[in-house]
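The values are calculated or read from the model by the stated rules, or taken from the named source; none is laboratory data. All of these numbers come straight from a predicted model, not from anything done at the bench. Here the Cβ is made from the backbone with ideal geometry for all residues, glycine too, and neighbour counts use every protein chain on show. Side chains are part of the model used for accessible areas, which takes the heavy atoms of the whole protein and leaves out ligands, DNA and RNA. Shrake-Rupley method; radii C 1.70, N 1.55, O 1.52, S 1.80 Å.
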Amino acid sequence: MSPMLAITAPEAFSRPGWWFETKWDGYRAIISLGRRFAIYSRRGHNLMAWYPELAQAEGDLPGDIVLDAELVAWSAGRPHFSDLQRRSAGQYLLMVFDCLYSEGRWLMHEPLARRLEELHRRVATRGVVAVSDGIHEKGAALFAAVREMELEGVMAKRLDSLYLPGRRSPAWQKFLALKTEWCWVTGLAQADDGQWYWHVATHADSGWQAMGKVRAPGGWNPPPSAGSRIQWVHPFLAQVAYRERTREGHLRHARVRQWKSSDIGAENPAPGEGPLPRSPDSPE
Amino acid sequence: MRSLYKGIIGFGLVSIPIQVYKAMESERVTTHWIHDACHTRIQYQKYCPTCERAVESGEVVSGAPLPDGRFVVLPPPEKSPGGDHTITILNFPELREIDPVFYETAYWLKPGPGGQKAYALLAQVMREMGRVALAEMRLRSRPSLAVVRAFNDHTLMMHRMYYPESLRQDGAALGPADQTASEKELDMAKTLVDHMAEAFDPARYPNEHRLEKLRQIEALMPTAEAPRAAQPGQEVLDLMEKLRASVQAQAEHGTGTE
């Protein structure tokens, strides 16, 4: 079953009859616990094959249930998409936000308000499962709070809306706090405190345009020789999430979401592990 | 082995590009403080007892205390202009003229691209003439004295030094100056020392304490436990609580809503 999708709202709004919750930056996951236990990606892949740690969720959930959720990699109090992509997180969490089936009954034809009731009645935050909270009406205020904490955005849902599998419906809208962009990593540098930075740039007809620097993500192995001078590298692709760009085109509040390996800093699988498989899905 | 820095040895008009490597391995077996209950590595927080809260690194400045209890706040150290790690040779004393008390940390020096010839020449000349190079090194922003010497026929080593004024001079007078030994006592002591005189053989002195600790770790290996899954669920609840509080605060200040 494919999950229901949202359209991007032109701007954040507050509205009676709507439910607003944090949009978590991860992979969409449909959790099904019946006779057997499975967690499917947005395109129907088995997420437990990529994240075996999720098997533990079976013990954290009540039986006979189907949930809609976002899988996030959690560290230091917040989700980190790059850890999810690298499968290098210490902790994975299933942020559940909708209940599609419960105790012998499909709930997709019931309004969201009713499904949320069932979700909160049956599921509690426990182990690798967390019930995503939300608020009524005050979407703009939640969006401001989410921006302040540099989270990905807000999901706005009409409380009387039905669950439409695989459909992108205006009854679900997302407010995005961060923009994302693929760019080239052209140089590496290490600050005095040891933190590595990537210099990123876009490539246009007119040549390279610098976009400033961004902290190198965890899970990336720095090259052997250090020094505070920029080391220029064979460019490799990275996707950055950022709040905005300065007038000179530099990124503000930027962080790496994911990247394609290059020769330098390519991942070294732990002994006994093969190279990483392809990521299960590109996120929404 | 990872180089710590790239740098340049300045020797008259010649400059030799080099890479600097730490020479000594830590003698301690690596251990971390972990929480006994869950095997998670503990973190340290900077805490302000006056404001009764944890403070971020951006809120912290460096303050030099005055005798009356006031603090002079120092500006943050200037970032050294990138890559300018220089080792400037001042003169060439003999090694035995420098008391070992001044030595702090040892580094291997490796010639950088294009530096092989000058590097080899410097090593050979110092070795043949029995001299070492006293230098002022500037790694990052902190300057210090250093000795560059030929460790063997081909390789240079650098010893970072304490500044001589750091030596606590009054310690030099701690030995008694008024004791006299008889001829006989002196002879006996000399015979004993002669008897025990031996060349230094590094291979004869393994670090037994370290080996013992490693053996202990190996014996305990079967009992090793991964850090217990922390409670990210609690962190999620905390985060959502913060968001809720922020929405509430905006409602009270009449902002953020339409």
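The residues in segment B:185-227 that are free of Cβ contacts under 8 Å to residues at least 60 places away in the same chain and farther than 30 Å from A:Glu53 by Cα can be counted, and the count is 28. Identify the single condition in (1) closer than 30 Å to A:Gln56 by Cβ; (2) loosely packed, with under 10 Cβ neighbours inside 10 Å that B:Ala172 does not satisfy, given that it satisfies every other one. Of everything listed in (1) closer than 30 Å to A:Gln56 by Cβ; (2) loosely packed, with under 10 Cβ neighbours inside 10 Å, B:Ala172 misses just condition (1).
Please determine whether any residue of segment A:190-210 is under 24 Å from A:Arg87 (Cα atoms), part of a loop (DSSP other than H, G, I, E, B) and within 14 Å of another protein chain (Cβ to nearest Cβ). There is at least one residue in segment A:190-210 that is under 24 Å from A:Arg87 (Cα atoms), part of a loop (DSSP other than H, G, I, E, B) and within 14 Å of another protein chain (Cβ to nearest Cβ).
Report, by residue number, each residue of segment A:64-91 that is part of a strand (DSSP E or B), surrounded by 24 or more Cβ atoms within 10 Å (Cβ to Cβ) and under 13 Å from the mean Cα position of the chain (by Cα).
Residues satisfying the conditions are A:Ala69, A:Glu70, A:Leu71, A:Val72, A:Ala73, A:Trp74, A:Pro79.
Screening A:Leu176, A:Leu119, A:Leu112 for residues that are more than 14 Å from every other protein chain (Cβ to nearest Cβ), of a type outside the set (Lys, Arg), within 19 Å of A:Pro3 (Cβ to Cβ) and open to solvent by 50 Å² or more (accessible area, probe 1.4 Å) leaves exactly one candidate, A:Leu176. Residues in segment A:89-103 that are more than 12 Å from A:Val123 (Cβ to Cβ) and either facing chain B (nearest Cβ under 10 Å) or free of Cβ contacts under 8 Å to residues at least 24 places away in the same chain (or both): A:Ala89, A:Gly90, A:Gln91, A:Tyr92, A:Leu93.
One residue stands out in segment A:26-47 among those that are outside any strand (DSSP E or B) and either open to solvent by less than 10 Å² (accessible area, probe 1.4 Å) or modelled with pLDDT of 95 or more (or both): the one that is nearest to B:Leu243 (Cα to Cα), namely A:Gly26. Can you spot a residue in segment A:131-148 that is aromatic (Phe, Trp, Tyr) and surrounded by fewer than 22 Cβ atoms within 10 Å (Cβ to Cβ)? No, there is no match, as no residue in segment A:131-148 is aromatic (Phe, Trp, Tyr) and surrounded by fewer than 22 Cβ atoms within 10 Å (Cβ to Cβ). Of everything in segment B:207-256 that is within 34 Å of the chain's Cα centre (by Cα) and among the β-branched types (Val, Ile, Thr), the residue that is modelled with the lowest pLDDT is B:Thr223. Screening segment A:124-172 for strands (runs of 3 or more DSSP E) wholly inside it with 3 or more residues that are more than 21 Å from A:Gly77 (Cβ to Cβ) and modelled with pLDDT of 90 or more returns the ranges A:153-158. Residues in segment B:31-51 that are open to solvent by 100 Å² or more (accessible area, probe 1.4 Å) and touching a residue at least 24 places away in the same chain (Cβ under 8 Å): B:Arg41 alone.
For A:Trp182, state whether it is open to solvent by 60 Å² or more (accessible area, probe 1.4 Å), more than 14 Å from chain B (Cβ to nearest Cβ) and either more than 30 Å from A:Ala140 (Cα to Cα) or within 23 Å of the chain's Cα centre (by Cα) (or both). Taking the combined requirement at face value, the residue satisfies it.
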